[in-house]
Amino acid sequence: MNKMIVLCTGALLTAGILLGCAQSKADEGQNMKKQNVGYYTMPDESSKHEGTWLQWPHNFTYGNGHKENLESIWIEMASALSEGENVHIIAYDKYEKEYIYDLLYDEGLNMDKIDFYIIPTDDVWARDTAPIFVYDQDKNLKLMD
């Protein structure tokens, strides 16, 4: 069974969220959008999903203090999310990954529910830079730009 993933990019799960969730039988056939390459379904927010993606804040784009201003929110999101699902964190580089890991570990998060990907980003808004997860008309999981 394919599993969908959530991209989360906002303050405490309420702002800037883009959801890609596993589609239930009741959702099949709904929310279809015609594009020049075919039909795709973006499941709604209430559908089950495998995990959430967070692009961790850093100071490389907006300068010193940016990460520090936002980081407590990302810690809170990672903590809440990891209680019931996987959390996929995009870190800017290896140093940032190690820093984030230590930070979350020290906060007592279950690190078995968290994994990391090193990808240089220019912002925390996954909705602007990360892929969107959809199903094609044959129920195959696809990534869209």
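Read-outs: derived from the displayed coordinates by stated rules, not from any lab. Given the structure is predicted, the values throughout are model-derived calculations rather than measurements. Cβ atoms come from the backbone with ideal geometry, glycine included; neighbour counts cover every protein chain shown.
Hey, could you check the range 42-87 for residues that are among the polar types (S, T, N, Q), part of a helix (DSSP H, G or I) and within 15 Å of the chain's Cα centre (by Cα) and say which is nearest to Phe133 (Cα to Cα)? Lay out the reasoning, then the answer.
Pass one, the range 42-87, residues among the polar types (S, T, N, Q): 46-47, 52, 55, 59, 61, 64, 69, 72, 79, 82, 86.
Applying the additional criterion that residues be part of a helix (DSSP H, G or I) yields 69, 72, 79, 82.
Within this subset, residues satisfying the condition of being within 15 Å of the chain's Cα centre (by Cα) are 79, 82.
Values: Ser79: 23, Ser82: 20 Å.
Applying the filter and picking the extreme gives Ser82.
For the range 107-140, a tally of residues being exposed (fewer than 11 other Cβ atoms within 10 Å of the Cβ) and either of a type in the set (Gly, Ala, Ser) or closer than 19 Å to Leu70 by Cβ (or both) returns 1. What is the number of the single condition among (1) loosely packed, with under 12 Cβ neighbours inside 10 Å; (2) without any contact (Cβ under 8 Å) to a residue 24 or more places away in the chain; (3) not aliphatic (A, V, I, L, M) that Tyr99 does not meet? (1) is the only condition that Tyr99 fails. Applying the condition of being outside any helix (DSSP H, G or I) and among the aromatic types (Phe, Trp, Tyr) to the range 102-145 and asking which residue is farthest from Trp53 (Cα to Cα) yields Tyr135.
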